[in-house]
Amino acid sequence: MKWRTVWAIAWKDLVDALRNARLLLLVIMPIGFSVLYGYLFRDTPTSAEIVIYSPQPSALVTRLGEMEGVSLFVVDSPQAVAAKLAEENAALGVVLPTGFDEALRSGERPQVELLYGENADAVRATQRLLLLTVDDLSGRPPAVRLRTPSPPPDQGEKAGRGMDFLAGLDLQGYFVVLWVVMGLVMTGAMLVPTLVVEEKEKGTLDALLVTPAGYSEVVTGKVIVGMVYALIGSLIILALNGGFTGDVAVSLAAIVLGSLALTLIGLLLGGLVDNLSTLNTWSSFIMLPLLLPILLAAIPLGRLGFVAEAVKLIPTYHLVRGLSLALTGRGGEAWGNLAALAGVTALLFGAVLWSLRRQEA
Amino acid sequence: MTASRLPLPDQAVIQAFDLTRTYNGTLAVDHISFQVQRGEVFGFLGPNGAGKTTTVKMLTGRLRPDEGTATVGGFDVVRERERIKPLIGVVFEIQNLYERMSGRENLRFFARLHGVDVGRVETLLEHVGLAERAGDKVKTYSNGMRQRLLIARALLNEPRVLFLDEPTRGLDPTAARDIRHTIQRLGQAGTTVFLTTHYMEEADQLCRRVAFLSEGRILALDTPQALKLRYGKRRASVLLDDGSEHVLALDDPADAERLARWMSEGRVLTVHSQEATLEEVFIRLTGRALA
């Protein structure tokens, strides 16, 4: 692999994409929608009832107590949290560990136990408020690890949602996942193959291939461009919509693996199609199933719960689940999804290599 | 590895032997063999679909021959494709430039791919007369300007062999003349040029030797002069004292007799010999015109 050549091709495409209104739109659109939806559907709780136990005085208790609209019930034992939660019909019970503040200050991630109230919407909104407050106190998310002995109120198929992982994710969080996934899918299924197919259609690929650049250098350059735009778009969406919360490392890992998998899908598509009008048709066909996991996650499936099972075969399901869990501080449950994404990426990489060998033969 | 270090084992820079390629069951190139000498401007002539571009694709390593072998600069076009790349420059049949980039950006990008000093870009822009418009986007260029930029791009790596695929197609006469001048200069400078065209006058003007290609096969290969002598009709244009003008076939006994009679009668004012054109030779060989 000639890396100087790869970089020259990638840089050309990075700059050229900025001059191409269509490609620019693919990158900007999800960011724009995330800002619009974040504004229209922000659900900062107007009132939140929290029961909290802290073995020592804590800045978190002080901060929550000072917040307008937060009713804070401080109890004197971990066992009293559950009783008070039921008595006050509060949204969230919080048990802080010993040395919580010092652990935050020293950069550790102390484990916080959460107990859930009955009202699912209030639980989601209050949990998000709690996480944002802890992140703010520590100054660098992810600040805590969450332990939840009982499931959130609307978890599982009992609620007919089909997608258990959405529990604990409020509307704002859902939109963060939606627009990140939308951005990655659009970059993978449309931007990346456009980069390849435009070279084929305009004949510039032939011009590249009579230089010392080989097909593998051209393709690697396109992967870099796809990854760069996918990651930039995702990071902007996270930054603008409070997405740097919960298990940020797991969120980033899911985004990196997801963007790589989708970029490789785009490359395979670009290898099969020779002109942009055919590509547009195929991209639309491919985008729909890739977006299905995040779209279905918001729909009560009722008797169609089996659809939720089928959706698990789509690679983006693991991206959606991993990201949702990470945003709600339950990144520890997402390792299986990250592993699945890594496996799919490895398979796609193999397919791209096979396709490359065919092209170069 | 730079082009200048590569060995050129003998005088034949391009050698093709029994080269064959089929497209969807149709024989596009049918067992052709030829050699191009170092420093030669070689014309590959034929109508659309004759197999010219397919041949160029095989010689530049972009298409595998089904049968036969070919070498460029002594390197096999299939097995040693990567070693051929530093040796060649290609001007494609289509104007495959990055339209949203400027002329200068196009050349700088390809200079990086070739590992060539970007300073050469300015020299080449000057050389092809595009220095003043180098900063403008290619989509604002005329066809002639684009073609000159393509030639500059093909020259970036100072190629030993330049493949020009229909370089003047679709250009206005002035732009076509400029391109021909450039090709002439390259030929005089010792660059081997493999020129495909269906403009016979262009080939006649530029090429030391030409090959006629029809339906994938080479019908004739020689210097334009030799081809015209071998296959063309010798004629003379005769102006008589009564102002009438006659074209006579010198190989036709009846015409020869008429000319002898007019001469003896003292009626001939001027006689001009008329050479056959390559177009006529092509028609004679294939039974059809080029266009």
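Odds and ends about this structure:
- Computed from point charges on the beta carbon alone (+1 for Lys and Arg, -1 for Asp and Glu), the dipole magnitude for chain B about its Cα centre is near 1120 Debye.
- Here is how the number arises for chain B: DSSP H runs of 4 or more residues each give -39500 (n - 2.57), the sum is divided by the residue count, and the result at 222 nm is -10000 deg cm²/dmol.
- Cα-only Debye scattering, the protein assembly as shown: base-10 log of I(q)/I(0) at q = 0.11 Å⁻¹: -1.04
- With semi-axes defined as the square roots of five times the eigenvalues of the C-alpha gyration tensor, the equivalent ellipsoid of the stretch A:48-158 measures 21, 15, 14 Å, largest first.
- Computed over the stretch B:171-245, the Cα gyration tensor eigenvalues convert (square root of 5λ each) into semi-axes of 29, 20, 13 Å, ordered from largest to smallest.
- FRET efficiency for the pair residue B:94 and residue A:346, taken as 1/(1 + (r/R0)^6) with r the Cβ-Cβ distance and R0 = 35 Å, rounds to 0.40.
- Residue A:59-residue A:87 pseudo-label distance in nm [points 7 Å out on the Cα-to-Cβ vector]: 3.1 nm
- Cα gyration tensor of the stretch B:66-160 - equivalent ellipsoid semi-axes, whole Å, descending: 28, 15, 10
- Virtual spin-label span in nm between residue A:145 and residue A:288, 7 Å along Cα→Cβ: 4.4 nm
- Helix B:253-264 vs. chain B, principal-axis angle (Cα, 0 to 90°, nearest 10): 60 degrees
- Using a probe of 1.4 angstrom and keeping all protein chains present, the accessible surface of the stretch A:48-158 works out to 49 square angstrom per residue.
- Extension reserve of the residue B:132-residue B:215 stretch, reckoned as 0.36 nm per residue once the Cα distance is removed: 25.5 nm
- 0 to 90° range, to nearest 10: angle between helix A:3-19 axis and chain A longest Cα axis: 80 degrees
- Histogram of C-alpha separations across the stretch A:230-361, 10 Å bin width, %: 12, 35, 35, 15, 2, 0
- Counting only other chain Cβ atoms within 10 Å of each residue's Cβ, the peptide B:100-112 averages 3.
- The spacing between the stretch B:48-62 and the stretch B:179-213, judged by their C-alpha centroids, is 17 Å.
- Placing pseudo-labels 7 Å out from each Cα toward the beta carbon at residue B:260 and residue B:208 gives an inter-label distance of 4.2 nm.
- Angle in degrees between helix A:21-40 and the longest Cα principal axis of chain A, rounded to the nearest 10: 10 degrees
- If you take the alpha carbon atoms of chain B and fit the smallest convex hull around them, that volume is 159 Å³ per residue.
- Across all directions, the average projected area of the convex hull around the alpha carbons of chain A is 19.4 nm².
- Cα gyration tensor shape of the stretch B:233-275, rounded if a/c is under 1.5, else prolate or oblate by comparing a/b with b/c: oblate
- Counted residue by residue at 0.36 nm each, then reduced by the alpha carbon distance between them, the extension gain from residue A:239 to residue A:21 reaches 76.1 nm.
- Accessible surface buried once B binds A (1.4 Å probe; total of both sides; Å²): 2200 Å²
The values are calculated or read from the model by the stated rules, or taken from the named source; none is laboratory data. The model shown is predicted, which means the values in this text are computed figures rather than measured ones. We place every Cβ from the backbone using ideal geometry, glycine too, and count neighbours over all the protein chains shown. Ligands, DNA and RNA are stripped out before the accessible areas are found, and what is left, the full protein with its side chains, is counted by its heavy atoms. Shrake-Rupley method; radii C 1.70, N 1.55, O 1.52, S 1.80 Å.
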